[in-house]
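Structure, as structure tokens:
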Amino acid sequence: MTVTTGEALRGYNTLALRARAQAFANVHSEQELLAALACARTLGLPVMPMGEGSNIVLAGDIQALVVRQSTRGIEVLERDVDCVRLRVAAGESWHDLVRWTLQQGYYGLENLALIPGTAGAAPIQNIGAYGVELASSVQQVHALRIADDQRVVLSHQECEFGYRDSVFKHRLRDKVVITSIDLRLSLLPAVTVDYPALAQYFAQHAISEVTPEAVFDAVVSIRRSKLPDPSVIPNAGSFFKNPVVGQAEAERLRVAHPDLPNYPQPDGRVKLSAAWMIDQCGWKGVRRDGLGVHAQHALVLVNYGSDSGEQLMVLANEIAASVDTTFGVRLEIEPRVYGTGR
Ligand code: EPU
């Protein structure tokens with residue numbers, strides 16, 4: 001493992017934004033990770049772990065040792081009558097993992113097909129799509145504590161998973177590097193197909209026998225139809241979270257904007273569609289200085305040829321301000337923003 005200085009990060013983030021890392025290491029094993037942590041201590045630099053860079057915004061140069069996780073490996077820990085436990089190295093590609101599990105007859109991840117990024121990054125935002133969240137499959141998360149190299153194991157409960165949320169965005173933010181995740185998958189081909197777009201797909205294609213493989217194919221097809229492939233048009237997926245509001249606020253919005261899609265949550269609060277609000281404000285398809293809002297999905301900011309994270313943040317803040325003015329709702333940026341005086 002070599003530590004380089006001034007490494008260009010444009011090829012390491014799916015938004016293709018320009019930034020340099022004060023120090024950079026690509027690690028392929030736990031030993032290399034430990035060496036990188038030791039190096040950061042020697043240099044007096046904070047550590048910024050990254051996977052495929054699919055959920056980050058580089059708004060400026062990074063005053064840290066950027067550690068790209070390239071560890072690989074999937075281990076079957078235990079196989080029972082109806083389930084299997086796997087340990088997946090942080091650097092494994094998420095979509096490749098989903099495809100592999102399906103080939104083995106291990107079910108539960110098919111709704112999460114085609115999500116860019118690595119397995120190790122997945123718990124941080126508790127990736128979720130088409131009615132399923134990663135949380136439903138995670139048993140444990142393994143990590144190294146940056147301060148003292150201690151191995152830590154977090155139980156499912158200790159991960160404090162929520163909608164696009166986990167302990168890694170709060171108490172453990174910048175404190176640990178995730179090294180592997182343990183998943184519990186089913187050997188029984190049960191499927192989750194309640195999500196409206198998914199149910200609609202099966203009805204339209206007259207598919208009556210819905211297998212996990214059919215769910216995988218449907219999710220891949222739906223995603224390809226409305227979400228841009230980051231290798232073609234650089235993006236970081238949904239740029240804002242869907243806001244979750246209390247009942248009184250939800251009622252105010254129901255009266256003022258009866259068409260605003262809303263999804264009651266188990267705790268009584270209500271999730272609102274950020275894409276719909278951004279769309280209503282007229283942003284969908286807008287292009288400006290090489291940046292823009294995707295023409296098929298208003299929640300996705302895209303880079304058509306700019307390289308400025310700073311400009312992207314200007315656009316994002318303008319979008320959020322217009323939603324606030326029109327709907328009185330504050331949008332929260334979903335990807336982690338780095339390089340702003342960090
Ligand atoms: N909509 C619009 N205009 C648009 C796009 C969507 O009005 O341009 C409306 C749709 O008609 C629908 C509603 O917004 O009524 C929801 O749209 P969609 O089903 O596409 O889901 P989303 O809430 O916008 C979330 C996730 C996606 C995930 C999909 C499917 C967040 C922040 N985003 O999007 O996740 O793929 O559901 O489950 O929760 C990501 O996180 O990067 C991501 C792509």
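The values are calculated or read from the model by the stated rules, or taken from the named source; none is laboratory data. Bear in mind that the values here come from a model prediction, so they are computed numbers and not experimental data. Here the Cβ positions follow ideal geometry from the backbone for every residue, glycine too, while neighbour counts run over all protein chains shown. Note: areas computed on protein heavy atoms with side chains; ligands, DNA, RNA excluded. Shrake-Rupley method; radii C 1.70, N 1.55, O 1.52, S 1.80 Å.
Overview of values
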quantity: Residue within segment 148-158 that is among the β-branched types (Val, Ile, Thr), more than 30 Å from Leu299 (Cα to Cα) and in a strand (DSSP E or B) present; calculated: yes
quantity: Considering residues of segment 5-43 that are among the aliphatic types (A, V, I, L, M) and farther than 28 Å from Ile127 by Cα only, the residue surrounded by the fewest Cβ atoms within 10 Å (Cβ to Cβ); calculated: Ala38
quantity: Top-ranked residue in segment 123-135 [being buried (at least 22 other Cβ atoms within 10 Å of the Cβ) and more than 11 Å from the ligand (Cβ to nearest atom); ranked as farthest from Trp94 (Cα to Cα)]; calculated: Ile124
quantity: Qualifying positions in segment 44-78 - free of Cβ contacts under 8 Å to residues at least 24 places away in the same chain and either open to solvent by 50 Å² or more (accessible area, probe 1.4 Å) or among the polar types (S, T, N, Q) (or both); calculated: Gly44, Glu75, Val76, Glu78
quantity: Failed criterion for Pro49 (all others in (1) in a loop (DSSP other than H, G, I, E, B); (2) within 17 Å of Val177 (Cβ to Cβ); (3) under 21 Å from the mean Cα position of the chain (by Cα) hold); calculated: (1)
quantity: Output for segment 313-332, where each listed residue is assigned to a helix (DSSP H, G or I), in contact (Cβ under 8 Å) with a residue 40 or more places away in the chain and either within 19 Å of Arg287 (Cβ to Cβ) or aliphatic (A, V, I, L, M) (or both); calculated: Met313, Ala316, Ile319, Ala320, Ser322, Val323
quantity: Checking Thr2 against (1) free of Cβ contacts under 8 Å to residues at least 24 places away in the same chain; (2) open to solvent by less than 50 Å² (accessible area, probe 1.4 Å), the condition it does not meet; calculated: (2)
quantity: Matching strands (runs of 3 or more DSSP E) fully within segment 161-269 where at least 2 residues are within 16 Å of the ligand (Cβ to nearest atom) and free of Cβ contacts under 8 Å to residues at least 60 places away in the same chain; calculated: 262-264
quantity: Val244 vs. criteria β-branched (Val, Ile, Thr), under 22 Å from Val57 (Cα atoms) and in contact with a strand residue (DSSP E or B) (Cβ under 7 Å, 6 or more places away or on another chain); calculated: no
quantity: Some residue of segment 297-312 being hydrophobic (A, V, I, L, M, F, W, C), closer than 19 Å to Pro116 by Cβ and in a helix (DSSP H, G or I); calculated: yes
quantity: Matching residues, segment 221-278, being modelled with pLDDT of 95 or more, touching a Phe, Trp or Tyr at 6+ places or on another chain (Cβ under 9 Å), open to solvent by 30 Å² or more (accessible area, probe 1.4 Å) and polar (S, T, N, Q); calculated: Ser221, Asn242
quantity: Members of segment 89-119 that are of a type in the set (Gly, Ala, Ser) and open to solvent by less than 10 Å² (accessible area, probe 1.4 Å); calculated: Ala90, Gly91, Ala113, Gly117, Ala119
